[in-house]
Amino acid sequence: MAAVASASPLPVARRSPAPPAFLPLRAHRPRVAWQGTVATRRVFRAEAMKVQREKEKTEVAVEESFPFRDTAPPDGADEPLVTAEESWVVKLEQSVNIFLTESVIMILDGLYRDRNYARFFVLETIARVPYFAFISVLHMYETFGWWRRADYIKVHFAESWNEFHHLLIMEELGGNSLWVDRFLARFAAFFYYFMTVAMYMLSPRMAYHFSECVERHAYSTYNKFIKLHEEELKRLPAPEAALNYYLNEDLYLFDEFQTARVPCSRRPKIDNLYDVFVNIRDDEAEHCKTMKACQTHGNLRSPHSIQNCLETDTECVIPEDDCEGIMDCVKKSLVSKE
């Protein structure tokens, strides 16, 4: 890989050589000299508005977080009702999660204001942690016979696999070049893991909402980045890790974490670094949707679940144990033994 050039500006009199691939991008936009008549400016403005509308059509929408209502949903709605007794608990959980997320964002903004790839490396290192924590707790529940839902473990593993390849891409772009960034990311991930395990055992809904907040921040960060640096990114080649993951690997796991989509309905296009970041952004949007679905207990299903099997067909149904949080698991375990 080509060495990363120094970020300090060169003297005006000297002419710098062509920049190597994957240079850290500057935080400001290049200045554009507007010349011409008023009619020309209107043409440019119309073209810009047209391009913006096309972009908005192609962007993946991120849904709102877990809703809470005091009134019953309309007839035929799939969304379960949150009782009045639970609504204040949901509000408290979400308020704590938002406070924690905004605190972390403030720290990242201060440390990585103009260092985009290093910030992305830290984000992707942290983003993998919740899925490890969820799987660890679910395996423990299975060991004690408290929980047996294969779809949850499948989907969470697919999510961690997706975030792992995001991390490989950021490493190839040089986001982990400084030991300080590596130390900070891994130090934060270590404590984040145990915090997520404790939160998931106490309230899976709260843990899933917190993960949704993290993924939502990742989506907005990537979305802002590609809009600011679109032209620069389109001139840079795609990293090998991105080509291997999005184009050359078996995309079964790629479809698995996108629970709001039909399998094979999304196939990435990778021509340059811009396409890579567009797909990473869209991945984060799909993570948000999956985390939202998980906040409704028992609502998550693998996109690859057998569709031809009827619920009444016992040969297709795997026996499932179910509980929500460790207190509920222990209570149901004691009741079942009596």
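Measuring nothing but alpha carbons in region 214-276 and taking Rh as the Kirkwood radius, the Rg to Rh ratio lands at 1.00. A 1.4 Å probe run over the protein chains yields, for region 120-267, 42 Å² of accessible area per residue, whole-number rounding. Using heavy atoms of the protein chains and a probe of 1.4 Å, the accessible area assigned to residue 287 is about 0 Å².
Give the ranking of 161, 146 by solvent-accessible surface, highest area first, calculated with a 1.4 Å probe. Please report the intermediate quantities before stating the final value.
Working: 161 85, 146 40 Å².
Listed by decreasing accessible area, they come as 161, 146.
Across the protein chains, with a 1.4 Å probe defining accessible surface, the residues 147, 88 rank 88, 147 from largest area downward.
The values are calculated or read from the model by the stated rules, or taken from the named source; none is laboratory data. Bear in mind the structure is a predicted one, so any value in this text is a computation, not a measurement. Surface areas here come from the heavy atoms of the whole protein model, side chains and all, with no ligands, DNA or RNA. Shrake-Rupley method; radii C 1.70, N 1.55, O 1.52, S 1.80 Å.
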